[in-house]
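Colleague: Dropping a structure here in structure tokens format, bear with me for questions.
The values are calculated or read from the model by the stated rules, or taken from the named source; none is laboratory data. None of the values given here were measured: they were computed from a predicted structure. Neighbour counts run over all protein chains shown; Cβ positions are idealised from the backbone, glycine included. Ligands, DNA and RNA are stripped out before the accessible areas are found, and what is left, the full protein with its side chains, is counted by its heavy atoms. Shrake-Rupley method; radii C 1.70, N 1.55, O 1.52, S 1.80 Å.
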Amino acid sequence: MKWLRSGLRRDICVIVAREGSPTAQECKAALESRYGERVEPSTFYGALETLTDTGHLEKTVDDIHDRYELTEAGERSLRDHYDWVTETLPY
């Protein structure tokens, strides 16, 4: 799947899965904390848009904030990736 080529997209899905329904800003802040550096807004929001367009995330509006949730397709893709990593690593 094309989304797997982007570590940023995978990491966004992991954060959304962990947080449940984060705002875009909460998700971006969590990524920046994990990476230890700033994520360019255009790169981040482009990845969110791609994940929404491909059906991995669903966007809802809560007052003035966009919130994101993992879809079934997104969860399946994350689980497939997790299975592949655990099968591949020697420990």
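Colleague: Do we find a residue being in contact (Cβ under 8 Å) with a residue 60 or more places away in the chain and touching a Leu at 6+ places or on another chain (Cβ under 6 Å) anywhere in segment 7-16?
Modeller: Checked segment 7-16: at least one residue is in contact (Cβ under 8 Å) with a residue 60 or more places away in the chain and touching a Leu at 6+ places or on another chain (Cβ under 6 Å).
Colleague: Additional query: Filter segment 65-91 for residues that are outside any helix (DSSP H, G or I), open to solvent by 70 Å² or more (accessible area, probe 1.4 Å) and at pLDDT 90 or above and give the result.
Modeller: Listed by number, the residues that qualify are His65, Glu69, Leu89.
Colleague: Any chance you could count how many residues in segment 39-63 are more than 13 Å from Leu8 (Cβ to Cβ), free of Cβ contacts under 8 Å to residues at least 24 places away in the same chain and surrounded by 10 or more Cβ atoms within 10 Å (Cβ to Cβ)?
Modeller: 4
Colleague: Also, quick follow-up: Count, please, the residues in segment 18-31 that happen to be part of a helix (DSSP H, G or I), open to solvent by less than 50 Å² (accessible area, probe 1.4 Å) and not hydrophobic (A, V, I, L, M, F, W, C).
Modeller: 1
Colleague: Can you pull out every residue in segment 64-91 that is in contact with a Gly (Cβ under 8 Å, 6 or more places away or on another chain) and either farther than 15 Å from Ile12 by Cα or of a type in the set (A, V, I, L, M) (or both)?
Modeller: The one that is in contact with a Gly (Cβ under 8 Å, 6 or more places away or on another chain) and either farther than 15 Å from Ile12 by Cα or of a type in the set (A, V, I, L, M) (or both): Ala73.
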